[in-house]
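Below is one structure, written out as structure tokens; comments come after it.
FYI, it's all coordinate maths here, none of it is from the lab. What you are looking at is a predicted structure, and each value in this text was computed from that prediction instead of being measured. Note: ideal-geometry Cβ built from the backbone for every residue, glycine included; neighbour counts use all protein chains shown.
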Amino acid sequence: MTIEISNDASKAAVASIQRYFSENLDEEIGNLAAGALLSFFLKEIGPVVYNQAVADAQARLQVRVAELDAEVYEEPFAYWSKQGKVGGQRR
């Protein structure tokens, strides 16, 4: 699966890479070079982040599914106990 981001996100990421180079490395990086670096990161490192995000989401869902029976459980044959009657007699 290829990890892709929107044009707006790509433009913002390229600008962020350029700013990072300027402020932290005291170097200028052009638009083309920053775009190539972004493409490399998406291809090389993106899958690691994506896979971890999927694993995290799966773990959260498994916890929620495990709690599902407690959240939505209904006691069967509870009519008489709710009515205060046992075997047709009042308690």
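Results, tabulated for the structure shown:
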quantity: Filtered residues of segment 1-39 (kept if among the aromatic types (F, W, Y) and without any contact (Cβ under 8 Å) to a residue 12 or more places away in the chain); calculated: Y20
quantity: Cross-chain or 6+ apart pairs with Cβ under 6 Å, segment 45-64 first and free of Cβ contacts under 8 Å to residues at least 12 places away in the same chain and on the phi > 0 side of the Ramachandran plot, then surrounded by 10 or more Cβ atoms within 10 Å (Cβ to Cβ) and in a helix (DSSP H, G or I); calculated: none
quantity: Listing of helices (runs of 4 or more DSSP H) fully contained in the chain that carry 2 or more residues being surrounded by fewer than 10 Cβ atoms within 10 Å (Cβ to Cβ), among the aliphatic types (A, V, I, L, M) and over 20 Å from the mean Cα position of the chain (by Cα); calculated: 46-72
